[in-house]
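What follows is a set of notes on a single structure, which appears directly below.
Read-outs throughout are calculated quantities, based only on the coordinates presented, and are distinct from any laboratory measurement. These numbers were taken from a predicted model, which means no experiment stands behind them. Heads up, the Cβs are rebuilt from the backbone with ideal geometry, glycines too, and the neighbour counts pull from every protein chain shown.
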Amino acid sequence: MNDQLQELLSKVYEEGVAKANAEAEKILNKAKEEAEGILSKAQAEAKAKIDEAEKQAVELKKNTEGDLRMAGNHAATALKQKITDLVLIKSVDAGSKAAFSDTSFVQDVIKSALAAWKESGGNLSIAKNLEGKLDDAFLNSIKQTFNGKLNIDFSPQIKAGFSISPIDGSYKLSFSDEDFANLFKNYLRPRTAKILFEN
């Protein structure tokens with residue numbers, strides 16, 4: 001009986017150990033599955049975050065390159081404009097200043113402007129620095145052309161050239177070295193840029 005009891009105890013013990021081992025195995029397998037699930041989920045999340053970061057990096061690089069390209073184009077355009085303006089200033093401004101310091105040129109321009117003048121009279125303001133340089137006969141002849149209805153004065157506000165306005169002063173046409181230079185610059189700017197910067 002003792003043997004049977006011992007055998008029964010051994011059998012119960014072995015079944016309990018086997019059952020505990022099976023339960024432990026189940027718990028371990030479940031824990032492994034959960035760990036693998038957590039690891040897999042973490043890896044998927046990490047991959048998604050890496051993919052998103054790479055996508056943002058590509059987008060940032062693309063935007064930065066676009067901004068740099070745009071800034072470079074803007075700087076190049078501004079530099080080309082500055083070079084064009086400098087070339088025009090050197091060539092046109094000097095020429096117009098020289099022309100308007102030539103008394104005979106100014107007289108010819110005054111004659112041409114007054115020949116196209118549609119008013120019966122008006123005001124002719126000439127640069128103060130030309131006073132005494134313009135021929136009195138010339139001034140008298142243009143006064144006679146307008147039957148004495150042309151007022152001529154020498155203005156310190158005009159640096160070079162002259163201006164014409166009707167007697168009522170409703171508008172004024174200016175013929176100065178700066179006006180001519182600006183007129184020629186506007187005309188020559190696109191051509192100068194083309195000559196300087198196109199192959």
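Taking only Cα atoms and a 10 Å spring cutoff, compute GNM fluctuations for the chain and point out the largest among 178, 34, 15. Most flexible of the set in this elastic network: 15. The candidate values were (1) 1, 6, 9, 9, 7, 6, 5, 5, 4, 4, 3, 3, 3, 3, 3, 3, 2, 3, 2, 2, 2, 2, 2, 2, 2, 2, 2, 1, 1, 1, 0, 0, 0; (2) 1, 7, 15, 19, 19, 14, 10, 6, 4, 2, 1, 1, 0, 0; (3) 1, 6, 11, 13, 15, 14, 13, 11, 8, 5, 2, 1, 0; the one computed from these coordinates for P(r) over Cα pairs in 5 Å bins from 0, in percent carries the label (1). Each of 77, 6, 141 was placed along the dipole of the chain (beta-carbon charges, centred on the mean Cα), and the one lying farthest toward the positive end is 141.
Where both bridge residues fall in the chain, DSSP classifies roughly 55% of the beta bridges as antiparallel.
Taken about its Cα centre, the chain carries a charge dipole of about 1440 debye when Lys and Arg each add +1 at the Cβ and Asp and Glu each add -1 at the Cβ. Does the range 96-197 come out rounded, prolate or oblate, given a ≥ b ≥ c as the square roots of the eigenvalues of its C-alpha gyration tensor, rounded meaning a/c under 1.5 and, failing that, prolate meaning a/b above b/c? Since a/c reaches 1.5 and a/b is larger than b/c, the shape of the range 96-197 is classed as prolate. Once both labels are positioned 7 Å from their Cα atoms along Cα-to-Cβ, the gap between residue 191 and residue 33 label points is 8.9 nm.
At a threshold of 8 angstrom on Cα-Cα distance, excluding pairs fewer than six apart, so keeping six or more, what relative contact order does the range 97-199 reach in percent?
It rounds to 29 percent for the range 97-199.
Shown is the FRET efficiency for residue 171 and residue 85, computed with R0 = 41 Å from the Cβ-Cβ distance and rounded to the nearest 0.05: 0.90. One decimal place: the segment residue 10-residue 64 gains 11.7 nm when fully extended, by the rule 0.36 nm per residue minus the C-alpha distance. Within the shell defined by Cβ-Cβ distances under 12 Å, the residues around residue 152 carry a net charge of -1, with Lys and Arg each +1 and Asp and Glu each -1.
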